[in-house]
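Read the structure below first, then the notes.
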Amino acid sequence: MYQKINILLIFLLLGTVLQAQDGKKAPFNIGEVRTIESQHLDETRTLNIYLPNDYHPDSAAHQTIYLLDGSAHEDFLHIVGLVQFFDLQLDAPPTIVVGIANVDRKRDFTFHTDDAELKEQFPTTGGSAKFMAFVEEELQPFIQENYNVNQERILIGQSLGGLMASEILLKKPQLFSKYLIVSPSLWWDNESMYNQMDTLLADQNFDNTEVIISVGQEHPMMIKEAAGLYQSLALAEKKNLKVHYQYFEKEDHATVLHVSIYEAFKILYQKEK
């Protein structure tokens, strides 16, 4: 009797396991992948796009984050995770994330240099002007045409991406309303743009622009330059410009990005709680 019961239980358990193993599969999607043909860059670029749960073409217009280093294997997934977390916990504005997948970041995020050593280390360097034109004249119009977005545009860039974000801020600040700049590589070209910051800022006007600059316990030059960028912006006394500075002594170049964006989102969204 007991033997029959045990055998029956074994069959029931085995059936449950087999049923679980035979469960249906479905893709777990957090957005979509688009491609855009760029005349400025003369190539096809891939965009990883996160859409919030309530997104609908007829819903209220959404703000947008443009993420440099936005490949799926780079910063896209963990930045989207922070966006979803702050939407859930602090009722942050629903946000579309546009991850710009890299082709050659050393080309796209650097401007021209005559430094022989840098040209040897970065043989494709010098394409930031073309990349900026791509963002302004091709990428942003593409997003505006295909998605229901408003004029609240946030740019995130770290390291060479931070150099690119700084160049846009100093030369074409109207392209974005908020800049989250992490560990910017302002050492590029013997600090040529860093040394021209005050001159570049003098020619710019800002329209409700907010800038959050972050750096960790990194190379002393990078710490100096991040602080210097903040000081130049703060001392410029430009109307409609807010500037914040974050120094994370327990983070290094590898770990500072995620913490920086988490704390930056707290600055942006806790006031709206």
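Bear in mind that the values in this text are calculations on the coordinates, not laboratory data. Everything quoted here is computed from the prediction, not taken from an experiment. Here the Cβ is made from the backbone with ideal geometry for all residues, glycine too, and neighbour counts use every protein chain on show.
Can you list the chymotrypsin sites (Phe, Trp or Tyr not before Pro) in the stretch 17-91 that are in a DSSP coil and have 13 or fewer other beta carbons within 10 angstrom? The partial results should precede the final answer.
Numbers: sites: Phe28, Tyr50, Tyr55, Tyr66, Phe76, Phe85, Phe86; in loops: Phe28, Tyr55.
In loop regions of the stretch 17-91 (DSSP not H, G, I, E or B), the sparsely surrounded chymotrypsin sites (Phe, Trp or Tyr not before Pro) are Phe28.
Which order results if Ser183, Ser159, Ser214 are arranged by neighbouring Cβ count within 10 Å, fewest first? Spell out each step's value before the answer.
Details: Ser183 29, Ser159 20, Ser214 26.
The fewest-first ordering by Cβ neighbours comes to Ser159, Ser214, Ser183.
How about the stretch 239-273: which GluC sites (Glu not before Pro) there lie in a loop by DSSP and see at most 14 other Cβ atoms within 10 Å?
Numbers: sites: Glu249, Glu251, Glu263, Glu272; in loops: Glu249, Glu251.
When the GluC sites (Glu not before Pro) of the stretch 239-273 are filtered for loop state and at most 14 Cβ neighbours within 10 Å, Glu249 remain.
Can you give me the C-alpha center-to-center distance between the stretch 230-258 and the stretch 52-101, rounded to a whole angstrom?
Rounded to whole Å, the Cα centres lie 22 Å apart.
Over the Cα atoms of the stretch 166-271, what radius of gyration and what Dmax do you get, in Å?
13.3, 39
Once the piece of chain linking Thr44 and Ser232 is laid out straight, how much longer is it, given 0.36 nm per residue of separation minus the C-alpha distance between them?
Working: separation 188, 0.36 × 188 = 67.68 nm, distance 3.68 nm.
Additional length available on full extension: 64.0 nm.
For the stretch 85-112, list residues with backbone N below 19 Å from a point placed 7 Å from the Cα of Glu136 toward its Cβ?
108-112
Return the long-range amide H neighbours of Glu251 (sequence gap of 5 or more, or a different chain), with a cut-off of under 5 Å between placed amide H atoms.
Gln217
By counting other Cβ atoms within 10 Å of each Cβ, how are Ser71, Ser128, Ser166 ranked from fewest to most? Write down the numbers at each step before the final one.
On the way: Ser71 17, Ser128 22, Ser166 26.
Fewest-to-most Cβ neighbours within 10 Å comes out as Ser71, Ser128, Ser166.
In nm, what is the difference between 0.36 nm times the number of residues separating Glu152 and Asp252 and their Cα-Cα distance? Intermediate results must be reported in sequence, preceding the final value.
Details: separation 100, 0.36 × 100 = 36.00 nm, distance 3.01 nm.
33.0 nm is the gain from fully extending Glu152 to Asp252.
Counting only C-alpha contacts under 8 Å and six or more residues apart, can you give the relative contact order of the stretch 30-272 as a whole percent? Provide the component values of the computation, followed by the final result.
On the way: 452 pairs, mean separation 40.9, N = 243.
For the stretch 30-272, the relative contact order is 17 percent.
Using 1/(1 + (r/R0)^6) with R0 = 41 angstrom and r between the beta carbons of Asp54 and Asp114, what's the FRET efficiency to the nearest 0.05? Walk me through the intermediate numbers first.
Numbers: r = 51 Å, r/R0 = 1.24.
According to the calculation, E is roughly 0.20.
Using a cut-off of 14 Å between alpha-carbon atoms, which aspartates and glutamates can reach Lys266, once sequence neighbours fewer than 8 places away in the same chain are excluded?
Asp87, Asp91, Glu210
With P(r) over Cα pairs in 5 Å bins from 0, in percent defined as stated, name the option among (i) 1, 6, 13, 16, 16, 14, 11, 9, 7, 5, 3, 1, 0; (ii) 1, 5, 12, 15, 17, 15, 11, 6, 3, 2, 2, 2, 2, 2, 1, 1, 0, 0, 0; (iii) 1, 5, 8, 11, 11, 11, 11, 11, 11, 8, 6, 3, 2, 1, 0 computed from the structure displayed.
Checked against the structure: label (ii).
List residues of the stretch 101-141, by number, whose backbone nitrogen lies under 16 Å from a label position 7 Å along Cα→C-beta of Glu32.
none
If you find the alpha carbon centre of the stretch 206-229 and of the stretch 115-136, how far apart are they in angstrom?
21 Å
Can you give the % of DSSP beta bridges in the chain that are antiparallel, to the nearest 5?
Numbers: 12 of 40 bridges.
The antiparallel proportion sits near 30 percent.
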